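So the structure is just underneath, and the comments pick up after that.
Computed from the coordinates by the stated procedures, all read-outs in this text should not be read as laboratory data. Because the structure is predicted, anything quoted here is derived from the model rather than measured. Cβ placement follows ideal geometry from the backbone for every residue including glycine, while neighbour counts extend to all protein chains displayed.
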Amino acid sequence: MDLDDALTQRMHELYTGLHANPELSMQEHRTAELIEGRLEDLGAETFRCGGTGVVGILRNGDGPVVGFRADTDGLPVKEDTGLEYASTANGVLPDGTEVPVMHACGHDTHVTAALTTAELLSAKQDAWAGTVVFIFQPGEETAAGAKAMVDDGLWDKAPRPEIIYGQHVMPQPAGTVHVSRGTAMAMADSWKVTVPGRGGHGSQPQDTTDPIVLAAHMVVRIQTIVSREVDPRESAVVTIGSFHAGLKENIIPAAAEFTLNVRSFKPEVREKVLASIRRIIRAEAEASGAPEPGITEISSFPQCYNDPDAAGAVLNELRRELGEGNVEETQPLMGSEDFGSLARAIGVPSVYWFFGGHPSGMFDSGSPVPSNHSPHFAPVMEPTLSTGVRAAVTAILSRVGRQ
Ligand code: ZN
Ligand code: ZN
């Protein structure tokens, strides 16, 4: 199935329009309307799910049911790409802060590729038979969207697929695709830790419990979990990304607060690291004679696991479609995704792959390549978008295509 010039041009217009109009997580209202409109034009059944989530169902007679997911949200990043179609949009975070918004993770490429895939499939109905369920998921960046759709009855309303596919644009050469067998991305857990002490005058520490000294011990000791407690043959990362306490040099504050982020590949390693963090926080507070600290979950990203057989099949199909040299089997990434929740909710396999978005010359230039979430992240339209479409169509047709 090939993209002709007219479809390619529509795809590029769709992309620049989406790129210029990003919306924050779980607020993708205009994006959802646009997706619904496009799907309805194709004759797909649609329904809303999980707020700003949209499901589009393409039915084409008897046959297997396949799911394909694209995430739709932008990020609070001020775009600095210099592109003609750069975003100047603003949004409001849940805490009321007004922020600039950008498709800095490239989810606009995902929406564009998925809608174009739907258009191709609906135009070439003689090439396949079955049902394709397109899941346009909001709120990936906050790990809220997949859960919101599942909780809103996604799988009660949509036909249940035998497999779910998904893809993400990455700082790799455009035209290439990267697939791993087994774990594709890490689980990620983020917590806020509030450490109460007892405040007072800096000259009279004997009348206080200093939460800065206490929380500093926690921060240092937590560093020993990966180095001293996790089996060296396994992987985990613990990062404490913020630490706030106090206002003035001679006041011992009443509390300290820090936030942390844990990445792991295996459920048992995750459990161990999280239990160790809890133990250290509790024990250090006790060692200081302080009240028990509070731990609140900020977000929790599930495992993103590629069924090894299904991933092997995708690798073979993509190599045939895109050429051996353009498809690579890769190691798991330490980044995270809530994609896995969609398939796990109904116990079916899933495969998630990565497609490149940067001109290949950029990698030889010696200068740093902008990563996802950077204000400079600017995928080139081609061959990025057409590769995303070809990868999606190829994987879907490997299940529903007529030979
Ligand atoms: Zn992202
Ligand atoms: Zn992303």
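How large is the helix-only mean residue ellipticity at 222 nm for the chain, computed as the sum of -39500 (n - 2.57) over DSSP H runs with n ≥ 4, divided by its residue count, in deg cm²/dmol to the nearest 500?
Dividing the helical sum by the residues of the chain leaves -10000 deg cm²/dmol.
Once whole DSSP H runs in the chain are found, which of them have Cα atoms spread over 27 Å or more along the helix axis and a mean Kyte-Doolittle score of at least 1.6? Walk me through the numbers before you get to the answer.
Working: long enough: 267-287 (30 Å, -0.26).
None pass (Cα extent of 27 Å or more, hydropathy at least 1.6).
Please state, to two decimals, what the Cα-based radius of gyration of the stretch 16-66 comes to when divided by 2.2 N^0.38 Å (N = residues).
Numbers: Rg = 12.8 Å, N = 51, 2.2 N^0.38 = 9.8 Å.
That ratio works out to 1.31.
How big is the stretch 65-208 along each principal axis, measuring the range of its Cα positions in Å and listing the largest first?
Extents along the principal axes, in whole Å: 82, 41, 31.
Rounded, prolate or oblate: pick one for the stretch 280-403, where a ≥ b ≥ c are the square roots of the eigenvalues of its C-alpha gyration tensor, a/c under 1.5 means rounded, and failing that, prolate if a/b is larger than b/c, else oblate.
It is oblate, given that a/c is not under 1.5 and a/b is not larger than b/c.
Using only the Cα atoms, work out Rg/Rh for the stretch 188-336, with Rh taken as the Kirkwood radius, to two decimals.
1.19
How many angstrom lie between the C-alpha centres of the stretch 4-61 and the stretch 199-222?
53 Å
For the stretch 1-127, with only Lys/Arg (+1) and Asp/Glu (-1) charged at the beta-carbon, what is the dipole magnitude about the Cα centre, in debye rounded to 20?
240 debye
Based on the mean of other beta carbon atoms within 10 Å per residue, what is the order of 212-221, 153-162, most packed first?
212-221, 153-162
Given the chain, what percent of its DSSP beta bridges are antiparallel, to the nearest 5? The partial results should precede the final answer.
Working: 52 of 75 bridges.
Antiparallel bridges: around 70 percent, rounded to the nearest 5.
Hey, in the GNM for the chain with a 10 angstrom Cα cutoff, which one of 302, 205, 171 fluctuates hardest?
So, out of 302, 205, 171, the one fluctuating most is 205.
Quick one: what Rg and Dmax do you get for the chain from the alpha carbons, in Å?
Looking at the chain, its Cα Rg and Dmax stand at 23.4, 82 Å.
Filter 147/192; 147/266; 124/147; 78/266; 157/272; 192/248 down to the pairs with a C-alpha to C-alpha distance above 29 Å, please.
Going by Cα-Cα distance, 124/147; 78/266; 157/272 fall outside the 29 Å limit.
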